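This report concerns only the one structure given below.
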Amino acid sequence: MLTKRQNLLETIHGGHPDRYVNQYEAFAMLLANPYTANSAMPAYGKGPAVNAWGVTNVWPEGTPGGFPLHDEAHIVCKDITEWKKYVHAPRLDYTAEEWEPFIKMAEEVDRKEYFATQFVAPGIFEQCHHLQEIQNCLINFYEEPECTKELIEYLTEWELEYAQKICHYIKPDAIFHHDDWGSQDSTFISPDMFREFLLPAYKKIYGYYKSHGVELIVHHSDSYAATLVPDMIEMGIDIWQGVMTTNHIPSLIEQYGGKITFMGGIDSASVDRPDWTPDLIAREVRKACTTFGTKFYIPNTTQGLAVSTFPGVYEAVSEEIEKINGEMFG
């Protein structure tokens with residue numbers, strides 16, 4: 001029997017997996033490091049928290065994650081033409097001693113079985129709209145392109161410094177990077193605009209990780225982004241996690257399989273709801289597995305970690321995948 005790590009590699013390389021990769025099972029997620037430990041995150045159902053960038057986030061009950069408060073009082077960057085006045089990157093000059101407990105966590109991962117995977121969020125686009133508010137951000141792509149490019153370059157340089165620290169201290173096998181690029185049925189910006197503004201930044205960031213020992217880049221965007229897949233491949237993404245069924249996954253696998261793998265296909269909006277049932281889970285998981293095949297596809301809910309909004313959903317999906325593995329692979 002292949003290890004979880006080996007089975008994932010067989011899947012993404014079009015080899016001979018001996019079962020479906022069961023959601024996030026091959027990734028030992030490393031969520032913490034000195035930077036994240038010093039950047040407050042909102043607690044589920046509790047009050048707001050201000051992170052190291054000055055963004056105020058809140059996580060209401062019944063929602064899949066935290067999101068910034070964007071009334072006038074809480075927008076960090078109130079004028080993109082004066083972004084240098086408002087945006088101040090957090091420090092990364094933590095000592096080796098401060099990194100030590102997180103190095104130990106990474107060293108405890110069995111890397112024959114799992115990919116030691118550093119979690120990174122938010123990404124460049126999300127950071128732009130977290131700082132500005134999303135409507136303001138999207139307008140500024142059109143009305144203030146030069147200032148937007150300056151801000152993106154500033155965020156990219158910070159991410160590259162962060163990547164240097166991660167590679168030096170954690171030495172991860174994989175990066176799991178969040179950046180939502182669309183709604184359920186459209187990208188937030190056009191593919192041409194994406195290539196102009198965001199592709200160069202990600203080629204630098206993911207290129208750095210790949211050139212410093214990171215084997216896999218897993219990018220989370222639980223959205224429509226089918227028109228961006230060629231750019232994902234160009235920037236070095238190995239697995240697109242969060243791919244919704246609105247992307248017509250069979251066509252993507254047929255066209256791009258072997259260059260990128262698609263992880264998702266079980267829309268969280270369809271199964272991760274308060275009235276979920278085992279029958280609903282079984283139906284949606286079976287539909288995904290029988291429709292999308294066994295190569296270049298990993299069945300998974302589209303949420304960006306091994307969790308669910310409503311208790312038991314993630315575990316029920318994993319159990320159903322195991323049942324299908326027994327039927328399909330013996």
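Within region 273-281, is even one residue modelled with pLDDT of 95 or more and under 19 Å from Tyr206 (Cβ atoms)? The answer is no, given that none of the residues of region 273-281 is modelled with pLDDT of 95 or more and under 19 Å from Tyr206 (Cβ atoms). Applying a threshold of 8 Å to beta carbon distances and a minimum spacing of six or more residues, or different chains, the list of pairs starting in region 136-147 at a residue that is over 10 Å from Ile189 (Cα atoms) and at pLDDT 95 or above and ending at one that is outside any helix (DSSP H, G or I) and of a type outside the set (Lys, Arg) reads Asn136/Ile75. Right, Thr291: surrounded by fewer than 24 Cβ atoms within 10 Å (Cβ to Cβ), in contact (Cβ under 8 Å) with a residue 24 or more places away in the chain, outside any loop (DSSP other than H, G, I, E, B) and hydroxyl-bearing (Ser, Thr, Tyr) or not? Taking the combined requirement at face value, the residue satisfies it.
Number of residues in region 113-156 that are of a type in the set (A, V, I, L, M), under 30 Å from Arg5 (Cβ atoms) and outside any strand (DSSP E or B) equals 2. Say whether the condition of being open to solvent by 50 Å² or more (accessible area, probe 1.4 Å), of a type outside the set (Ser, Thr, Tyr) and assigned to a helix (DSSP H, G or I) is met by at least one residue in region 177-184. No.
Selection within region 92-105: residues that are under 30 Å from Glu153 (Cα atoms) and in contact (Cβ under 8 Å) with a residue 24 or more places away in the chain. The member of this set that is surrounded by the most Cβ atoms within 10 Å (Cβ to Cβ) is Phe102.
Determine whether Lys171 is part of a helix (DSSP H, G or I), out of contact with any helix residue (DSSP H, G or I) (no Cβ under 6 Å at 6 or more places or on another chain) and surrounded by 15 or more Cβ atoms within 10 Å (Cβ to Cβ). Reasoning before the result, please.
Working: part of a helix (DSSP H, G or I): no; out of contact with any helix residue (DSSP H, G or I) (no Cβ under 6 Å at 6 or more places or on another chain): yes; surrounded by 15 or more Cβ atoms within 10 Å (Cβ to Cβ): yes.
No.
Do we have any residue at all in region 258-278 that's open to solvent by 10 Å² or more (accessible area, probe 1.4 Å), under 21 Å from the mean Cα position of the chain (by Cα) and among the hydrophobic types (A, V, I, L, M, F, W, C)? Yes, region 258-278 contains at least one residue that is open to solvent by 10 Å² or more (accessible area, probe 1.4 Å), under 21 Å from the mean Cα position of the chain (by Cα) and among the hydrophobic types (A, V, I, L, M, F, W, C). A single entry from Ala282, Ala201 fulfils the requirement of being among the small types (Gly, Ala, Ser) and within 27 Å of Arg19 (Cβ to Cβ): Ala282.
The values are calculated or read from the model by the stated rules, or taken from the named source; none is laboratory data. These numbers were taken from a predicted model, which means no experiment stands behind them. Using ideal geometry, Cβ is built from the backbone for each residue, glycine included, and neighbour counts are taken over all protein chains shown. For accessibility, only protein heavy atoms count, side chains too; no ligands or nucleic acids. Shrake-Rupley method; radii C 1.70, N 1.55, O 1.52, S 1.80 Å.
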